Structure formats: structure tokens, C-alpha cells
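In what follows, a single structure is set out as C-alpha cells and then discussed.
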Amino acid sequence: MVQIVRKASLPSPADLPEPLAQLAAQALATSLREPRPAGFPLLFTKQWQLIEPAVAFLHEHAIQRAHTADTLRTYTEILYDWFDTLEQNDIPWHKADAVDLVAYRNRMMSQPSPHTGRAYRTTTINHRVRGVLRFYAWAVRAHWLSESALADKTRDFAVSRRYSPIRTRYAADTERSIFVLRQYEPLPRPLVSGQARELLAYLAPPYDLMARWQLYTGLRISELLRLGVDDINGRPTPLTAHHTIEITRKGRKPGYVIAPASLLDETDGYISGLRFAWLKRARRRGRAAHHPALFVNARGAPVSKNAYQRAVSRAGLACGFKATTHLLRATFACMLLARLEYLASEGAKVNPLLVVKILLGHEHIETTDRYLRAVAVDACVLKDVLDTLLAGSAEP
């Protein structure tokens, strides 16, 4: 069975016998151009042979392309499951073909997940299949393979697609693959103004302020958690209703969001009030509390992704509707897009999709188009969105 072993940190020479201490000292003194951090996943076969192409794939995406830890974990899980399936069926990875991938997909369709005991969702199956195809395409580009049936774009794997209003050259080849199951595309459904007010009122600090940031700026949760105090305190103070805040986007790309002055004033009050008090109490109790994170919890530690997601989910359940952190971002996108579409219909020279694409940090315009369709198909939501925006920014 394929094994995942997390890379450990090098031992201290003082903790080793003399013959090994010198080697440990040399290892610590060795300078590496792209070192893998402790905890980096290494995949081994059942004979404890390193699966080098899989590790090289993870290394490129995690170290060179600087993908997030969540992305690295997802790629690791996909490769682990694929190589484990190949090993159980005695199939060399470089000889896998379309028949093997179809059998892998069909197994997930017919058998429950060994981890959850539930049937695989169509999105999960497609996600894993796309991950395998992405790996083999990379293996050919990186010269781990001279060719592969799973990376051969000359074969006729294309099938007809449903109509999309956005035609773009960026559409992935795997989206047209026979390996990918047809599925209903879930459109984001934004919160209406009453739901947003109720949710914000139920959330406790600092989660209520974090939710406001997502609602007013459309930040991803990873981008929100990377905000530091210096990002807010270091801003210029022009006499305008909005301020540009420089942020680090997904994939470590530079970007920015436009935050209303009222949100920044509320954030300043949080920094000088609750955040200061929580950190002071943490230091008094002997905890380390000198980190630059903007959002900290009542113990003085940086807010974790899971804690924030749980807080939003529980608040939504208590209020009687489903709420997620991504839904807050989707609400911002739909509200902004609806407002821009209204202005464009009134004669304003603005490209609504392009503006929202930039502010959300989307790489492809078709991703932003999903929000336009979400607004278009729900007249009640559109009316509520427009009423909220046209009434001014006094309400959340």
C-alpha cells in the first residue's frame, strides 16, 4: 500500500552519536536552493521506494509555484489515491492509459469512500480525475514521460458541451474530456440584506468583523487570514469614502481590494480595543502574543480557518439558513455585479465582469461569469440587491 511520510526536520548534532554528529552538522550547513520544509509529503510504494515523479510534481507546485497548504494537501490526496489504486492492480504508473482511468472513475461511482463510508460526490470524482490528467500532462512537459495516453491531446476525447455565454481559449482541455462526468453547475446564491444583517448580528467578535470584510471587499478566506495590522495601519489617509488595501492573492500574487472608510474605522477600533486587550491578557498569562496577524481570538492567538468557518456555519444555522465563508464572498460579487450592470444599463461606460474579475482576483473571466448568471436567474435576489445598494451603505 502506498504510504505518505511527512518530511521531518534535521536532528541536532548534539542529540546524535559522534560518528553521526559530524554528518548532521554537515547536513545543517548545506545550503539548498529550494528546500522542502518540515511536513512536506513524500510518497512511497509498499516496497518503500520513493515515488519520485509524484514528489517532483508536489515540489514544483508547492515550492516553485507557491501554492497554498490546502492546495498541496489536495494534490497529495489525489496522487496518493491514484498511485495506491495502480499499485493494488499492479499497473506501472507510466503505462496507465484511458482504460485504467475510466476504471478508476467507475470504481468511485460504484463504491463508497473508505474514509467517510458515503458515496462519492460527482464533484469529488471529477476533481480527482482532473487531478490525474493534470499530473500526466505535467509529467510529459517535465520529461518524466516521453508520451502518455492520458496526456495525448491529439486523441479525440472531445464531447459536445452545453452552451456557455463566455467563449474563451482558457477553457481547460480536461473540461472536454470523456473522463469527466456531466454535472449540474451550482450557481452561487447570495445572501439577501436581511440575512446578512442577521448573520452579522449573531456572530461574536472578531468573526463579525471578518465577515464584514468578506461582505464589503470579497476577500477569500485565505486572503483574509493573511491580513496584518501593518496592512491596515500603513494605508494613506485621503479624504475619500474608500481606500485601496494591498493584499496577497491566491498563489502569492499581488493584488488589492477597495475597502470603505467605515469598515476601516471599525477595524481601527477593533485593533485598539478588543485586539489590544486580548493580546495584553495573553502576555500576562505567559503566552506568546507578538504576531502581526490582524484577526486574533480571545486567547490572543491568530484566528484559524476552521474556527472562522465553524463560527459562520453555526451562526447561519442559528439564523435559519445556510451560511459559509465563501457565500459571503459570493454575496459581495453578486451585489457589486448587479450594481454595475444597473449602472451600465443607465449608460455608464463600465465593463461589469472585468471590474468584478479584478476585485475578486479571478484568473479567468468565465469564473466571474457564474456570478452574473446567479444574479440573472433570481429576480427576487436581484431586486433585493438593487434595493439595498441604491438605498445607500448605511445598512450592512
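Normalised by 2.2 N^0.38 Å, where N counts its residues, the alpha-carbon radius of gyration of the range 85-142 equals 1.19. Residues whose amide H lies under 5 Å from that of Ala119, counting only those 5 or more places away or on a different chain, are Ser113; hydrogens are built 1.01 Å from N in the peptide plane. Listed by chain and number, the lysines whose alpha-carbon sits under 25 Å from that of Lys46, ignoring those within fewer than 8 places in the same chain, are Lys7, Lys95. Each 5 Å bin from zero holds the following percent of Cα-Cα pairs in the range 1-52: 5, 18, 18, 17, 19, 17, 6, 0.
With the highest mean first, a sort of the peptides 27-37, 100-110 on other beta-carbon atoms found within 10 angstrom per residue produces 100-110, 27-37.
Measuring max minus min along each principal axis, the C-alpha atoms of the range 318-368 give extents of 42, 26, 14 Å (largest first).
The lysines within cross-link reach of Lys357, meaning a Cα-to-Cα straight distance under 21 Å and a gap of 8 or more places when in the same chain, are Lys250, Lys253, Lys349. The lysines whose alpha-carbon is closer than 23 Å to the alpha-carbon of Lys322, local same-chain residues fewer than 8 away aside, are Lys305, Lys383. Projected onto its three principal axes, the C-alpha set of the range 1-90 covers 45, 31, 17 Å, listed from the longest axis down. Residues Val312, Val5, ranked from the fewest to the most other C-beta atoms within 10 Å, line up as Val5, Val312.
Going by how many other Cβ atoms sit within 10 Å of their own, how do Phe44, Phe332 line up, fewest first?
Fewest to most other Cβ atoms nearby, the residues stand as Phe44, Phe332.
A cut-off under 14 angstrom between Cβ atoms defines the neighbours of Met108, and their net charge, with Lys, Arg +1 and Asp, Glu -1, is +2. Counting charges near Leu42 (Lys, Arg +1; Asp, Glu -1) among other residues having Cβ under 12 Å from its Cβ returns a value of +2.
Calculated translational diffusion coefficient of the range 220-332 (10 °C, 1.306 mPa s; Stokes-Einstein with Kirkwood radius over alpha-carbon pairs) equals 102 µm²/s.
By the beta-carbon count within 10 Å of each Cβ, the least crowded to most crowded order of Leu50, Leu328, Leu294, Leu264, fewest first, is Leu50, Leu264, Leu294, Leu328. From the Cα gyration tensor of the range 193-390, with a ≥ b ≥ c the square roots of its eigenvalues, which class applies: rounded if a/c is under 1.5, or else prolate if a/b is larger than b/c, or else oblate? In terms of gyration-tensor shape, prolate. Extension gain for Asp268-Ala149 works out to 37.2 nm (0.36 nm per residue, less the C-alpha to C-alpha distance).
Throughout, read-outs are computed from the coordinates displayed, never taken from laboratory work. If you're wondering where the values come from, they're calculated on a predicted model, not measured in any experiment. Methodologically, a virtual Cβ is constructed for each residue, glycine included, from the backbone with ideal geometry; neighbour enumeration extends over all protein chains shown.
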